[in-house]
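Asker: Take this structure first; my questions come after.
The values are calculated or read from the model by the stated rules, or taken from the named source; none is laboratory data. Since this is a predicted model, take the numbers as computed values, not measurements. A quick note on method: Cβ atoms are made from the backbone with ideal geometry, for glycine too, and the neighbour counts reach across all protein chains shown.
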Amino acid sequence: MPFIGELNGEMVIPEDIDDGVYVRCPKCDGEMTPRGTNDGSRTRHFRHVGSAEGGCSGGESKQHQKMKSSAYSALRQEISEHSQCDLEVGLDVSETATLPDRRVADVLLEFDTPNVFYGEGIVIEIQYRNHGKDLFATTHDYLSLGYSVYWATVGVFDNGVLDFDTVATNFSEKEDDAFATYHYNASEFSTELAASLQWEDPKPSCQHDWQEAGVDGVSVEYDSCPRCGTNRLYDEKRARYLYDDSEMIGPAIETDGSAGHTEGSSGCRSGRGHVWEPIGSGFEETYRCARCSDRMVVVDEYGHGGREIIMPWHESGSDLSEVVSDPSICDHDWESRRDDYKCDNCGLIDYMPY
């Protein structure tokens, strides 16, 4: 049930298109037509022509598309004076302090002239099981371009409709998900290092053992977890920790193989080393590699320490043939298939994910 289509090179939503008009699916390029109503009795959506089951999803989850479509509709209705309001707008951020050269805003509204409170316009980013965009660095980039940015979660949608009054209140009261140019500027999210770090812990399953790194030649103080190789530093301006699993802050403390989310150095088909996550406990502690699905069992031999037994993927895991993003940092959303399970987010296939 797609909620976004393409017509004459522009992204459109179902409520903008009359019955019988054909649009293109942005994922499969197939033809779609709108169905349903705008009165709330049946959600208006696109349907693939000739498909008994609605065709593909349009490249995103139904919920993510619906939220994006609703945000787009709400912005247009609430702010009538604008020069542009579009879906999935590419923006050049090559001159900002972050590493990417381009951002794609889920929804962008631009004013005819700069607004005192919102600046050049408003960007709404949908946060629904989507960890692909780092909030800290992305917010820095949008503020650098003069846009206010709102990170919309399911909670601000009332029966699928974006509650713009809540959005406006959050902007005014400087809530954590709303960043108006009137209150913030890019320098608060700045420095090339800090703006490229992550707000959320990239390996939340690890029982972190944070230790002061104390590395010579590194200009910032930071902690490192020897269990998973993640670094963190405390940002005074934002009053929160920022995380790094790419050694941008500095080298990670060598992994020690302790319990929790642990990382090995060889045998992983990803080529980057095993990342072990606990999936069992007791006399035998079982771990699954988040990157390749190998299993490791730590057998306690009469209380005298563990012996690691690694079971290869063809016996207990699966393959990486359909992976589209790093499984080790994915919030897996498993879909049951006939003989296995596939994560809708990263594409990892596993026979026993639970």
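Asker: Sort out which residues of the range 71-92 are buried (at least 20 other Cβ atoms within 10 Å of the Cβ) and within 23 Å of Asp176 (Cα to Cα), and write them in order of number.
Answerer: Hits for the range 71-92 are Ala71, Tyr72, Ala74, Leu75.
Asker: Here's something else I'd like to know. So, Val275, is that one modelled with pLDDT under 75 and not assigned by TED's automatic domain parsing to the domain that holds Gln127 or not?
Answerer: no
Asker: Using the structure shown, decide if Glu175 is assigned to a loop (DSSP other than H, G, I, E, B), touching a His at 6+ places or on another chain (Cβ under 8 Å), modelled with pLDDT of 75 or more and under 20 Å from Ala152 (Cα atoms).
Answerer: No, not satisfied.
Asker: When Asn130 is evaluated against the numbered criteria (1) under 19 Å from Asp177 (Cα atoms); (2) modelled with pLDDT of 80 or more; (3) surrounded by fewer than 23 Cβ atoms within 10 Å (Cβ to Cβ), which criterion, by number, is the only one it fails?
Answerer: Unmet condition: (2).
Asker: Being part of a strand (DSSP E or B) and of a type in the set (Val, Ile, Thr) is the filter; apply it to the range 80-113 and report the residue that is nearest to Ile126 (Cα to Cα).
Answerer: Val107
Asker: Okay, next question. Considering only the range 246-268, I want to know if a residue exists there that is modelled with pLDDT of 65 or more, more than 29 Å from Phe189 (Cα to Cα) and outside the structural domain of Thr138 (by TED's automatic domain parsing).
Answerer: Yes, the range 246-268 contains a residue that is modelled with pLDDT of 65 or more, more than 29 Å from Phe189 (Cα to Cα) and outside the structural domain of Thr138 (by TED's automatic domain parsing).
Asker: Please go through the range 8-35 and give me each residue that is exposed (fewer than 15 other Cβ atoms within 10 Å of the Cβ) and outside any loop (DSSP other than H, G, I, E, B), ordered by number.
Answerer: Answer for the range 8-35, where residues must be exposed (fewer than 15 other Cβ atoms within 10 Å of the Cβ) and outside any loop (DSSP other than H, G, I, E, B): just Glu10.
Asker: For the range 71-103, what are the residues that are touching a helix residue (DSSP H, G or I) at 6+ places or on another chain (Cβ under 8 Å), acidic (Asp, Glu) and closer than 17 Å to His140 by Cβ?
Answerer: Hit for the range 71-103 is Glu95, nothing else.
Asker: Moving to a separate point now. Among the listed residues Glu10, Glu31, which satisfies the condition of being modelled with pLDDT of 75 or more and closer than 19 Å to Gly90 by Cβ?
Answerer: Glu10
Asker: With Leu91, Leu87, Leu109 as the choices, which residue is at pLDDT below 85 and touching an Asp or Glu at 6+ places or on another chain (Cβ under 9 Å)?
Answerer: When all the criteria are applied, what remains is Leu87.
Asker: Another question about this same structure. Report the residue count in the range 139-164 for those that are at pLDDT 90 or above, closer than 17 Å to Ile79 by Cα and surrounded by fewer than 18 Cβ atoms within 10 Å (Cβ to Cβ).
Answerer: 0
Asker: Mind listing whichever residues of the range 178-211 are surrounded by fewer than 18 Cβ atoms within 10 Å (Cβ to Cβ), of a type in the set (D, E, K, R) and either modelled with pLDDT of 85 or more or in a loop (DSSP other than H, G, I, E, B) (or both)?
Answerer: Glu192, Glu200, Asp201, Asp209
Asker: Give me the residue from the range 165-177 that is surrounded by fewer than 14 Cβ atoms within 10 Å (Cβ to Cβ) and of a type outside the set (Gly, Ala, Ser) and, out of that set, nearest to the chain's Cα centre (by Cα).
Answerer: Asp176
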